[in-house]
Amino acid sequence: MVARKLSLKQKYGHFTRGLDWEPSYQKQEDIFPFATYEGIKIHDWNAWEDPFKLTMDAYWKFQAEKERKLYAVIDSMAQNNGQLGITDARYLNAVKIFIQGVTPLEYQAHRHFAHLARHLPGAGLRVAAQMQSIDELRHCQTQIHTISHYNKFFDGIHDFTHMHDRLWYLSVPKSFFDDATSAGPFEFLTAISFAFEYVLTNLLFVPFMSGAAYNGDMATVTFGFSAQSDESRHMTLGLEAVRFLLEQDEANVPIVQGWIDKWFWRGYRLLSLVGMMMDYMLPKKVMSWSEAWETYYEEAGGALFADLARYGIREPKYADVAKAEKGHVSHQVWSIFYNYAQAAAVHTWDVDDQHLDWLREKYPETFAQHYEPRYRAWREQAEAGKRFYNDGLPQLCQVCQIPMAFTEVDDPGTISFRVSEHQGEKYHTCSDGCRDIFEHEPEKYVQAWLPVHQIFQGNCGGATLPEVLDWYHINQGADNFDYAGSPEEEQWNAWMEGRRPAAFPAAAAE
Amino acid sequence: MSRPVSITLQNSQDGIAIANAILADNPEAQRKSFPAMTKIDCPGRLSILADSVSERLGREWDPQEIHMSVISLSGSVDEDDGSFTLFWR
């Protein structure tokens with residue numbers, strides 16, 4: 001008799017549960033020491049079922065094929081001067097922020113999912129975490145390999161891991177992930193797999209990768225979509241993991257809700273950087289931050305939280321604030337970068353008339369009134385030879401670490417500013433959302449490594465800007481300042497000039 | 001009104017065939033086109049049928065190959081040997 005082929009679900013069962021065993025000579029709590037201290041109660045680990053029935057053999061097969069496709073593109077890029085295909089060199093600044101800010105987080109995720117793959121008591125979840133750990137390492141490596149091509153031709157990419165640990169704006173993504181990896185396993189799962197991957201990551205990858213495609217960046221599109229195909233699996237893990245926690249015990253509901261509230265707000269603040277990349281750094285634009293927010297948070301998140309309402313879960317606290325701010329955040333973050341371009345490893349520039357038209361059209365209620373006059377004033381100053389650079393160091397939010405430039409949700413003329421006290425010291429946060437997070441765990445956030453405080457304390461190379469920039473490994477005069485007048489602009493213009501045919505001599509035309 | 005589920009696919013050979021199969025097999029599905037990708041929204045539930053995709057590709061298509069083409073999704077997932085389904089409970 002011919003042996004029957006196992007169905008997908010049977011095979012998955014054998015390759016996950018079937019390979020697990022009950023410990024007999026060690027206590028469960030000694031093997032999994034982190035499983036209970038957060039207060040999460042799990043009664044039946046076997047109730048977990050991964051919706052993607054991906055087993056290790058199939059995983060290797062598909063991942064290998066994704067890699068083959070990606071590396072074919074990387075070779076092609078290198079062999080065909082792929083850097084010339086982008087719409088404009090200014091576009092590359094979005095890629096710089098990506099490798100400086102996001103790629104190191106992929107590596108952090110790799111490490112921490114390996115931790116979860118060891119420490120979660122359920123076999124099904126451990127297998128999913130193991131695959132995700134390998135995925136995240138792959139994302140980190142493929143991003144470095146792909147973007148290394150641009151490093152041969154553009155500035156600001158050369159020492160991204162060093163910069164990630166030191167630069168003021170990169171402490172925003174770094175501290176976000178440090179916060180997650182220093183939490184317990186279930187908070188991490190809720191923070192990264194659910195709040196970030198499921199609820200918010202589409203805002204990072206989807207419009208941004210589509211934007212890369214629209215701007216001729218074949219490299220970023222390819223690693224982006226290659227990573228994103230794994231991301232769909234991670235998102236599903238996040239949704240099912242949260243559902244599993246909620247179904248296991250009613251006492252888990254308020255704990256999970258607290259984490260959803262916290263990590264929604266943390267993720268939303270982090271993504272304000274992406275909002276700026278989308279609205280300001282893509283020469284050809286796909287959609288505005290505000291439109292992306294509507295599609296990927298308001299529509300998709302609305303359906304999600306309506307579904308979770310049966311467990312007693314509501315929309316994240318301050319989601320209404322995020323919605324009300326969507327016409328403001330990207331402009332405010334761009335303004336921060338414009339103020340401090342002398343200290344950044346990305347360029348900024350004058351927002352030209354065509355771009356102003358687009359912003360006015362996409363933000364009819366906010367842009368012309370609040371931001372356009374500011375940009376016009378900056379343009380006048382720059383044209384008069386007095387380009388405005390801010391010489392003061394900004395106050396940073398103790399939680400999200402973004403310079404305090406966001407405004408009150410009902411008053412775009414007033415900076416939003418909250419003060420909390422802890423053991424006789426004052427701490428400042430940028431919003432009700434960040435203040436609540438601080439006040440819930442002040443012992444954690446008083447330890448924040450705030451770049452501005454560190455400069456003032458003398459821990460960042462010296463007391464002058466050039467000394468600090470040296471400590472950052474910023475190649476001064478190339479990585480920083482405006483795009484106009486940069487070596488990158490000069491080189492790009494020379495390349496573009498070389499593409500035009502030389503003027504026909506008059507005789508040849510006759 | 002049932003809540004929408006959604007899938008975003010690469011505009012690759014396989015991705016385009018999958019998108020066309022979804023639109024043919026799920027009458028309420030709606031397509032939105034973006035550079036390099038296609039987003040399909042559908043109220044309540046959406047299924048990708050392996051036979052329908054195989055017919056369009058001219059080869060056997062295994063639902064697990066969805067991993068090669070998907071960019072993002074919204075909804076709960078159910079996967080078996082003949083189909084891949086998104087739904088809200």
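The numbers here are math on the coordinates, done by the rules we state, and not lab data. Just so it is clear, the model here is predicted, and its values are computed rather than measured. Backbone-built Cβ (ideal geometry, glycine too); neighbour counts: all protein chains shown.
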Degrees between helix A:329-339 axis and first principal axis of chain A (Cα, 0 to 90, nearest 10):
50
Pop a pseudo-label 7 angstrom from the Cα along the beta-carbon direction at both A:Ala306 and A:Lys61 and give the gap in nm to one decimal.
3.8
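Of the peptides A:393-403, A:71-81, how do they stack up when ordered by the mean number of other Cβ atoms within 10 Å, highest first? Please list the in-between numbers first.
Working: A:393-403: 23.5, A:71-81: 13.4.
Descending packing order for the listed peptides: A:393-403, A:71-81.
Packing-wise, with mean Cβ within 10 Å as the measure, how do A:52-63, A:267-278 rank, highest first?
Numbers: A:52-63: 17.6, A:267-278: 24.2.
Descending mean neighbour count gives A:267-278, A:52-63.
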Is the shape of segment A:357-494 rounded, prolate or oblate, going by the alpha carbon gyration tensor and its root eigenvalues a ≥ b ≥ c, with a/c under 1.5 for rounded and a/b larger than b/c for prolate?
oblate
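At a Förster distance of 41 Å, what's the computed FRET efficiency of A:Asp410 paired with A:Asn80, Cβ-Cβ distance as r, to 0.05? Please list the in-between numbers first.
Details: r = 52 Å, r/R0 = 1.27.
Step by step, r from the Cβ atoms, then E = 0.20.
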Between the residues A:Cys397, A:Gly458, A:Gly39, the Cα farthest towards the positive end of the dipole of chain A, that dipole coming from +1 and -1 charges on the beta-carbon of Lys, Arg, Asp and Glu, is from A:Gly39
At the level of C-alpha centres, the distance separating segment A:388-431 and segment A:254-314, in angstrom, is 22
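Set the Förster distance to 25 Å, then compute FRET efficiency between A:Asp357 and A:Lys386 from the Cβ-Cβ distance, nearest 0.05. Before the final figure, lay out the partial values.
Details: r = 26 Å, r/R0 = 1.03.
For A:Asp357 and A:Lys386, the calculated efficiency is 0.45.
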In terms of the charge dipole of the protein assembly as shown, which places +1 on Lys and Arg and -1 on Asp and Glu at the beta carbon, the residue among A:Leu84, A:Ile134, A:Ala212 farthest towards the positive end is A:Ile134
Note down the nm distance, to one decimal, between modelled labels 7 Å out along Cα→Cβ at A:Asn151 and at A:Gln10.
4.9
At a 10 angstrom cut-off on C-beta neighbours, averaged per residue, how do the peptides A:218-230, A:289-301 rank from highest to lowest?
A:218-230, A:289-301
Run the reach check for A:Lys386 against lysines, Cα to Cα strictly under 28 Å, same-chain hits fewer than 8 apart removed. What comes back?
A:Lys96
Acute angle (nearest 10 degrees) that the helix A:201-214 long axis makes with the longest principal axis of chain A, alpha-carbon atoms:
40
About the Cα centre of segment A:30-494, what is the dipole size in debye to 20, counting +1 per Lys and Arg Cβ and -1 per Asp and Glu Cβ, all else neutral?
560
By the C-alpha gyration tensor axes a ≥ b ≥ c (rounded if a/c is under 1.5, else prolate when a/b exceeds b/c, else oblate), the shape of segment A:220-346 is prolate
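Quick check: residue separation of A:Asp165 and A:Asn475 times 0.36 nm, minus the Cα distance between them. What number comes out in nm?
Values: separation 310, 0.36 × 310 = 111.60 nm, distance 1.64 nm.
This chain segment gains 110.0 nm when fully extended.
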Computed label-point distance, nm, for sites B:Asp62 and A:Met496 using a 7 Å Cα→Cβ extension
4.8
At R0 = 56 Å, FRET efficiency that the Cβ-Cβ distance of A:Gln395 and B:Ala24 yields, to 0.05
0.45
Hey, got the average number of other protein chain Cβ atoms within 10 angstrom for residues in A:39-51?
1
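Other chains' Cβ within 10 Å of A:445-453 residues: what's the mean?
On the way: counts 0, 0, 0, 0, 0, 0, 0, 0, 0.
Taking the mean over all residues of the peptide, I get 0.
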For a quick check: with amide H placed at 1.01 Å from N, whose amide H comes under 5 Å from B:Asp81's, ignoring anything fewer than 5 positions away on the same chain?
A:Leu8
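Let me confirm one metric for peptide B:27-40, namely the mean number of other chain beta-carbon atoms within 10 Å of its residues' beta-carbons.
On the way: counts 0, 0, 0, 0, 0, 1, 0, 9, 11, 12, 9, 0, 4, 0.
Rounded to a whole number, the mean comes out at 3.
With a ≥ b ≥ c taken as the square roots of the eigenvalues of the C-alpha gyration tensor of the protein assembly as shown, please select rounded if a/c is under 1.5 and otherwise prolate if a/b is larger than b/c or oblate if it is not? Mind dumping the intermediate values first?
On the way: a/c = 1.73, a/b = 1.24, b/c = 1.39.
Since a/c reaches 1.5 but b/c is at least a/b, the shape of the protein assembly as shown is classed as oblate.
Just need the relative contact order of segment A:30-494 here, percent rounded to a whole number, with Cα pairs under 8 Å and 6+ apart. Display every interim value, and only then the final one.
Values: 612 pairs, mean separation 82.0, N = 465.
After rounding, I find 18 percent.
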Folded to 0 to 90 degrees: helix A:487-499 orientation relative to chain A principal axis, Cα:
80
Residue-span extension gain [A:Glu443 to A:Arg374] - 0.36 nm each, minus C-alpha spacing
20.9 nm
